[in-house]
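This report concerns only the one structure given below.
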Amino acid sequence: MDTSSIGLIVATHGELAAALVGAAELILGRKTTLKAFVFLAGEEPRESSERLTALIKRSDKGAGVIILVDLFGGTPGTLALSHLEERSVDVITGVNLPMAVAAASLKPNLDLAAASKHIAAQGIAGIMQAGQILK
């Protein structure tokens with residue numbers, strides 16, 4: 001399975017999703033397949049849900065979709081989690097820039113579960129107490 005066929009969505013409160021996608025593209029020096037879902041202040045939950053559902057459908061090329069969300073329990077995460085039962089979707093919480101870069105750089109032939117595991121591991125590895133390392 002070619003991981004370029006895995007749909008990749010970053011879903012966050014406010015413009016963070018768009019900023020993470022843009023930053024990943026700046027680092028990688030190319031346009032990526034990452035799509036941003038921005039949860040808008042004041043938007044009706046039904047409208048947000050419909051927008052995310054449409055984005056998932058557009059992003060799914062047959063290998064499933066991974067959604068990177070900012071907070072477990074936040075609205076973007078809750079909306080994403082509601083799709084776990086109905087299609088091949090995985091959700092990873094705590095999105096950061098290392099995760100976005102890892103998602104945009106997936107190696108070929110990973111299935112959805114392996115790709116999700118790799119992305120989450122890169123996010124965790126990217127969190128460091130720099131002051132402690134440099135001492």
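What the table shows:
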| quantity | calculated |
| --- | --- |
| Cβ-Cβ under 7 Å pairs, at least 6 apart or on other chains, segment 48-75 side farther than 21 Å from Leu20 by Cβ and free of Cβ contacts under 8 Å to residues at least 24 places away in the same chain, far side part of a helix (DSSP H, G or I) and open to solvent by less than 50 Å² (accessible area, probe 1.4 Å) | none |
| Elements of type strands (runs of 3 or more DSSP E) contained in segment 1-71, each with 1 or more residues being open to solvent by 40 Å² or more (accessible area, probe 1.4 Å) and not charged (D, E, K, R) | 7-13, 34-39 |
| Enumeration of residues in segment 74-105 that are within 23 Å of Ile124 (Cα to Cα), outside any helix (DSSP H, G or I) and either of a type outside the set (Gly, Ala, Ser) or open to solvent by 60 Å² or more (accessible area, probe 1.4 Å) (or both) | Leu84, Val89, Asp90, Val91, Ile92, Thr93, Val95, Asn96 |
| Tally of residues being among the small types (Gly, Ala, Ser), touching a residue at least 24 places away in the same chain (Cβ under 8 Å) and either farther than 20 Å from Gly22 by Cα or assigned to a helix (DSSP H, G or I) (or both) across segment 118-135 | 3 |
| Leading residue by the ranking (farthest from Leu71 (Cα to Cα)) among those in segment 106-117 that are touching a helix residue (DSSP H, G or I) at 6+ places or on another chain (Cβ under 6 Å) and in a loop (DSSP other than H, G, I, E, B) | Pro108 |
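The values are calculated or read from the model by the stated rules, or taken from the named source; none is laboratory data. All of these numbers come straight from a predicted model, not from anything done at the bench. Ideal geometry is used to build each Cβ from the backbone, glycine not excepted, and the neighbour counts take in all protein chains shown. Heads up: the accessible areas ignore ligands, DNA and RNA and are worked out on the full protein's heavy atoms, side chains in. Shrake-Rupley method; radii C 1.70, N 1.55, O 1.52, S 1.80 Å.
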